[in-house]
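In what follows, a single structure is set out as structure tokens and then discussed.
The values are calculated or read from the model by the stated rules, or taken from the named source; none is laboratory data. Quick caveat: nothing in here was measured; it's all calculated off a predicted structure. Don't worry about glycine lacking a Cβ; one is built from the backbone with ideal geometry, like all the others, and counts go over all protein chains shown.
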């Protein structure tokens, strides 16, 4: 009986594991353009994202998520307080220069292959608001 319970528990644990992004997605990384950075700040100003008090903001490389629809994605990362490592991570998808949606739980944003860049424009926005 114990053997059966352990095997079922093992299957449940394996089913909950999420793999990282495919290598083809990781290989498509390009630094975020000034237009993307500006669109993110505009989205914050318009209230599309409700995050406040983000310290040390960073924006990831832009990756191609779906070649058929030309959907791209990037991630935003920052700490919630100065010196406190409570990361705030947001995965953002976009197409044709328009933001389609965002997710606070996008596992792809934690992929070690994803490069992040300082995002002082977002820190400047947070300092004003």
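Of all residues being surrounded by fewer than 19 Cβ atoms within 10 Å (Cβ to Cβ) and at pLDDT 90 or above in region 68-92, which is nearest to the chain's Cα centre (by Cα)? Just the residue, please. Among them, the one singled out is 71.
Select the helices (runs of 4 or more DSSP H) contained entirely in region 2-58, then report the ones holding at least 1 residues which are at pLDDT below 80 and exposed (fewer than 10 other Cβ atoms within 10 Å of the Cβ).
Working: elements: 2-16, 23-27, 34-45.
The helices (runs of 4 or more DSSP H) meeting that bar are 2-16, 23-27.
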